[in-house]
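Colleague: Submitted below is the structure of interest, expressed as structure tokens.
The values are calculated or read from the model by the stated rules, or taken from the named source; none is laboratory data. Worth saying up front: this structure is predicted, and the values here are computed from it rather than measured. Cβ sites come from the backbone with ideal geometry, for glycine too, and all protein chains shown count toward neighbours. Note: accessible area is taken over every heavy atom of the protein model, side chains too, but ligands, DNA and RNA are not part of it. Shrake-Rupley method; radii C 1.70, N 1.55, O 1.52, S 1.80 Å.
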There are 2 protein chains.
Amino acid sequence: MLDLTSDVADLTAALVDIRSESGDEKVLADRVERALADLPHLEVLRDGDAVVARTGLGRPRRVVIAGHLDTVPVVDNLPSHVDGGRLYGCGTSDMKAGVAVQLKLAALAAEPVHDVTYVFYDNEEVDASRNGLRRLAAHSPEWLAGDFAILMEPTGGVIEGGCQGTMRVRVTVRGTRAHSARSWMGENAIHGAGAVLDVLRAHTPREPEVEGLRFHEGLNAVFVEGGVAGNVIPDECVVTVNYRFAPDLSVAEAEAYLRGLFDGYEVEVTDAAAPARPGLDDPSAAAFVASVGGGRARAKLGWTDVSRFSELGVPAVNYGPGDPTLAHTRDEYADIAKIREAEERMLGWLTGER
Amino acid sequence: MLDLTSDVADLTAALVDIRSESGDEKVLADRVERALADLPHLEVLRDGDAVVARTGLGRPRRVVIAGHLDTVPVVDNLPSHVDGGRLYGCGTSDMKAGVAVQLKLAALAAEPVHDVTYVFYDNEEVDASRNGLRRLAAHSPEWLAGDFAILMEPTGGVIEGGCQGTMRVRVTVRGTRAHSARSWMGENAIHGAGAVLDVLRAHTPREPEVEGLRFHEGLNAVFVEGGVAGNVIPDECVVTVNYRFAPDLSVAEAEAYLRGLFDGYEVEVTDAAAPARPGLDDPSAAAFVASVGGGRARAKLGWTDVSRFSELGVPAVNYGPGDPTLAHTRDEYADIAKIREAEERMLGWLTGER
């Protein structure tokens, strides 16, 4: 049994010691579901190994606080142990410290100022097709409804708003083959790709402010390939371009932008993930930043699961006590003081005491 | 037995019908050696499946007339057959028609105006390390000595002088890896390679006249590769450049030229083959062009075995009755009129009657 009255660091250790690699979250999900079911102010829902618990107080606003139950594979770093104010073990930072804070909030904030939905989901650390939050969004989007969402992935205790989108396109340059001893009979596609690289080299990334945060785009070749044989003028060269775009653009707008930039070339979108609005102009989000973040927040530049909330119309931020640079490392740990700080700040915000 | 008194087209057919794929030339080499041994004006030498026969008349100049005995693999195109003035079959154009002309000259020109060395060699159609002419040059360079050489590879009856050299270099551009969501933390090596492509795009190939012939160089990217992962700023991009250079440059000079052009980048030479001087300012070569070529010759732009003569200090040309565009095709044939024309012209030149 998980004891939700225990100290948040002890609760984190208990969660870490229930091994839950992606695809193997059932034991932990069962324990979380049972612990939450004992709390009379929460309605508990379940989908596979995802657990959702929510208040129904009729508050004017609802916030969603989400975290994933799974970890990357254990590498001889279980059970957990404490050393020098740090809790070591697989999943401490990414992200059972955050899950422990969620569970403490669920237990302690019986009458929060906003209605709250706590989401615990599976399979975040693996292929997106298995992602539990994605599955919930498809099966039961109403479970994820809210005015504002907080994803408790490790951010070192800093609020990171929204996330940038990402798109990859293959830009294909055509030419005409010829023997390289008579190169003027052909048209060199690799030389032609120089013009595509010119576009990238001349490009100045946008740094727009979106809903209160400064984003920073990037437009880069991530692959280039061309060539037939050592004595052949190549007739094809493909430059794969990755565009990281701020959340003032939709996926469709990002695509249109790239097609304009590479007008005259074959442009094929190979993958895309939507950005997420930070929503810091939303009153509950602004209050969250003022209270929990001490008024400070920065833009999230990498893509994260907050995008799934944004796609449902829920602005979202990343905020968690873990250290993102330790995620997925063998020596992963969470700073116990940081876990307590996150619990205290979040609880103060939810109860209106901060 | 090969009958060297037979018509040159019949002799070509007889040679074609003795299958001699690369590495399997022994039967044909034995027949050639035996036929030549019957000619009292020739000294016959042998190295593996290469046969060399030469006059020793004390003439002031010596010419070398060379051809290879091997063919590419037979593809259901043997035995030979005649249809509409064409002799069909594997190796007709490349290059048993040329070998037949060599053998007719050896038999008929008992008192040529120049001393003549006839070279018949093995393994031209395979990896250079097995090449019979290369082996002869290493074992017995004196067998290949002369003032001028004619390689009877198919040229459609046109004299092609010398050959261009070829060099491949890998030009490596370095950068610094970073996550593509924070691309400004890195340095994109693919974008950096744009500057290498700029050099290639801005380059104007030389078209120098060398020893009477106009060459035409080429400098081209033949491969480009770079990229680590779809979300990583790449730290390395390699452009493989092929330089086809005229015979007024040595291999060392070509390398120095490329190193100057790509100054500041890592430049690694991956392979190089020397060019061949056409030597058309040599009196015997000029006489050959005047007599056999009707005064016309053009530069050979692709690399050929004439380079091996040039490396021994013997200027060389390509001249043969076969059609180069038919070489290595299933429907390979040689035009019988062209074979007779080559025999007649070469014989006229060697006997001083043309």
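Colleague: Distances from residue B:60 to the same residue in each other copy, label points 7 Å out along Cα→Cβ, in nm, shortest first?
Modeller: 11.4
Colleague: Ok, one more. Within the set of other residues whose C-beta is less than 14 Å from the C-beta of residue B:162, count the net charge using Lys and Arg as +1 and Asp and Glu as -1.
Modeller: -4
Colleague: Sticking with this one: If you count the DSSP beta bridges with both ends in the protein assembly as shown, what percent of them are antiparallel, to the nearest 5?
Modeller: Once the DSSP bridges in the protein assembly as shown are tallied, antiparallel ones form about 75 percent.
Colleague: I would also like to ask the following. At 0.36 nm per residue, and after removing the present C-alpha to C-alpha distance, how many nm does the segment from residue A:268 to residue A:298 gain when stretched out fully? Please list the in-between numbers first.
Modeller: Working: separation 30, 0.36 × 30 = 10.80 nm, distance 3.24 nm.
Value of the extension gain: 7.6 nm.
Colleague: Along its three principal axes, how long is chain B when you only count alpha carbons? Whole Å, largest extent first please.
Modeller: Sorted from largest, the Cα extents of chain B read 81, 45, 38 Å.
Colleague: Nearest 5 percent is fine: what portion of the DSSP beta bridges confined to chain A is antiparallel?
Modeller: On the way: 48 of 65 bridges.
Of the beta bridges lying entirely in chain A, close to 75 percent run antiparallel.
Colleague: Next question, about the same structure. State to the nearest 20 debye the size of the charge dipole of the protein assembly as shown about its Cα centre, where the only charges are +1 on K and R beta carbons and -1 on D and E beta carbons.
Modeller: Numbers: 70 positive and 110 negative charges, 214 e Å.
The calculated dipole for the protein assembly as shown is roughly 1020 debye.
Colleague: Another question, if that's okay. Using the 7 Å Cα-to-Cβ label point, sort the distances from residue B:296 to its equivalents in the other copies shortest first and give them in nm to one decimal.
Modeller: Relative to the other copies, residue B:296 has label-point distances of 8.3 nm.
Colleague: Let me ask something additional. Cα axis of helix A:97-108 to longest principal axis of chain A: angle in degrees, 0 to 90, nearest 10?
Modeller: In chain A, helix A:97-108 runs at an angle near 40 degrees to the longest axis.
Colleague: What length, rounded to one decimal in nm, is gained on full extension from residue B:198 through to residue B:37, with 0.36 nm per residue of separation minus their alpha-carbon distance? Walk me through the numbers on the way to the answer.
Modeller: Details: separation 161, 0.36 × 161 = 57.96 nm, distance 5.98 nm.
The span from residue B:198 to residue B:37 would gain 52.0 nm if fully extended.
Colleague: To continue, here is another question. From other protein chains only, count the Cβ atoms within 10 Å of every residue's Cβ in A:212-220, then give the mean.
Modeller: Values: counts 0, 0, 0, 0, 4, 2, 11, 4, 12.
Rounded to a whole number, the mean comes out at 4.
Colleague: Shifting gears a bit: For chain B, modelled as a GNM with alpha-carbon contacts under 10 angstrom, which of B:100, B:256, B:276 fluctuates the most?
Modeller: Evaluated over chain B, the most mobile residue of the options is B:256.
Colleague: Specify the angular offset, from 0 to 90 degrees and rounded to the nearest 10, of the alpha carbon long axis of helix B:26-37 from the longest principal axis of the alpha carbons in chain B.
Modeller: Compared with the principal axis, the helix lies near 40 degrees.
Colleague: If I build a Gaussian network model for chain B, linking alpha-carbon pairs within less than 10 angstrom, which residue out of B:291, B:22, B:140 has the largest mean-square fluctuation?
Modeller: B:140
Colleague: Still on this structure: For the pairs B:96/B:338; A:300/A:338; B:26/B:338; B:104/B:338; B:26/B:300, flag any whose C-alpha to C-alpha distance is greater than 22 Å.
Modeller: From the list (B:96/B:338; A:300/A:338; B:26/B:338; B:104/B:338; B:26/B:300), the Cα-Cα distance tops 22 Å for B:26/B:338; B:26/B:300.
Colleague: At a 1.4 Å probe radius, carbon and sulfur cover how many percent of the accessible area of region A:165-273?
Modeller: It is 46 percent, rounded to a whole number.
Colleague: Here's another thing I want to ask about it. What translational diffusion coefficient, to the nearest whole µm²/s, does the protein assembly as shown have by Stokes-Einstein, given a Kirkwood radius computed over alpha-carbon pairs, a temperature of 37 °C and 0.692 mPa s viscosity?
Modeller: Numbers: Rh = 30.9 Å.
The estimated diffusion coefficient comes to 106 µm²/s.
Colleague: If you find the alpha carbon centre of region B:328-344 and of region A:166-185, how far apart are they in angstrom?
Modeller: 36
Colleague: I'd like the Karplus ³J(HN,Hα) series for region B:40-55: coefficients 6.51, -1.76, 1.60, θ = phi - 60°, whole numbers in Hz, and an x wherever there's a Gly or Pro.
Modeller: Values, residue by residue: x, 8, 10, 9, 10, 10, 9, 9, x, 9, 9, 10, 10, 10, 8, 7 Hz.
Colleague: Evaluate the charge dipole of region B:165-273 about its Cα centre and quote only its size in Debye, nearest 20, assuming +1 on the Cβ of each Lys and Arg and -1 on the Cβ of each Asp and Glu.
Modeller: 420
Colleague: What nm distances, shortest first, do you get from the label point of residue A:17 to those in the other copies when the point sits 7 angstrom along Cα to Cβ?
Modeller: 9.3
Colleague: Here's something else I'd like to know. At residue B:17 and residue A:6, where each label point lies 7 Å from the Cα along Cα→Cβ, what is the point-to-point distance in nanometres?
Modeller: 9.6
Colleague: For region B:165-273, what percent of Cα pairs sit more than 22 Å apart?
Modeller: 38
Colleague: Which residue, A:81, A:328, A:179, has the most motion in a Gaussian network model of chain A that connects Cα atoms within less than 10 Å?
Modeller: With Cα springs under 10 Å in chain A, the top fluctuation among A:81, A:328, A:179 is at A:179.
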